Amino acid sequence: MKERTVLKYSMSFQQQVVEELENGRFSSVNEARLFYGIGCGTIQTWLRKYGRNHLCAKVIRVEKPNEKDEIRELKRKIHELKEALGDSQAERWLEEQFLKIACKKFGEDVEEFKKKAATMLRIERERREK
């Protein structure tokens, strides 16, 4: 198995990098990252911790007024569908249990009963189509 190396940077080093960024030594976080060979996101964390946060990238989501309602409605619909699926699965399980109990009571094998019932339904469907 490949051995993994974990680098721990001192607080003074972290603060130095943040200070260099804020003083303009580097034009971007990526430039500082490449200069020092630091992984992605590490300097962003330091900036949030020690800096003034003005150099941190910010994500701004712009959406039309109806988009927020659309998203909320879609999430509500997903929740309803999940509940309906759960109810359906519970109902199916109950029906299977009832079938097992009924077959046991009447001395029938469940699989044999299903085959007989499927045949009877097919014959009935064919009779109706004629």
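Which of (1) 20.8; (2) 9.2; (3) 7.6 is the computed mean projected area of the Cα convex hull in nm² for the structure on display?
Matching the structure shown: (1).
Let's test the formula: R0 of 30 Å, r as the Cβ-Cβ distance of residue 23 and residue 60. What FRET efficiency results, to the nearest 0.05? Please list the in-between numbers first.
Numbers: r = 26 Å, r/R0 = 0.88.
For residue 23 and residue 60, the calculated efficiency is 0.70.
Could you list the trypsin sites (Lys or Arg not before Pro) in the range 16-109 that lie in coil according to DSSP, counting only those with at most 16 other Cβ atoms within 10 Å of their Cβ?
Counting only loop positions with at most 16 other Cβ atoms within 10 Å, the trypsin sites (Lys or Arg not before Pro) in the range 16-109 are 25, 52, 58, 61.
For the chain, what's the relative contact order in percent, using C-alpha pairs closer than 8 Å and at least 6 residues apart?
13
Bin by bin, in steps of 5 Å, what percent of the Cα pairs in the range 65-129 do you find, going until the bin that has the longest distance?
Reading upward from the zero bin: 3, 14, 11, 12, 11, 11, 10, 7, 7, 6, 4, 2, 0.
So what is the 222 nm mean residue ellipticity for the chain from helices alone, if each DSSP H run of at least 4 adds -39500 (n - 2.57) and you divide by all residues, rounding to the nearest 500 deg cm²/dmol?
Mean residue ellipticity, 222 nm, calculated: -23500 deg cm²/dmol.
For labels at residue 115 and residue 97 in the simple 7 Å Cα→Cβ model, what's the distance in nm?
Label-label distance for residue 115 and residue 97, simple model: 2.8 nm.
Ranking 85, 21 by Cβ neighbours within 10 Å, fewest first, what do you get?
If I rank by nearby Cβ atoms, fewest first, I get 85, 21.
I need the shape label for the range 42-93. Rule: rounded when a/c is under 1.5, else prolate if a/b > b/c, else oblate, with a, b, c from the alpha carbon gyration tensor.
oblate
Among 17, 29, 59, which comes first, then next, by fewest other beta-carbon atoms within 10 Å?
59, 29, 17
Mind giving me the nanometre distance, one decimal, between the label points for residue 76 and residue 123, set 7 Å out from Cα along Cα→Cβ?
Result: 5.1 nm between the two label points.
Quick note: the coordinates plus some simple rules give every number you see, no bench work behind them. Every value quoted in this text rests on a predicted model; they were computed, and no experiment measured them. Note that each Cβ is placed from the backbone with ideal geometry, even for glycine, and that neighbours are counted across all protein chains shown.
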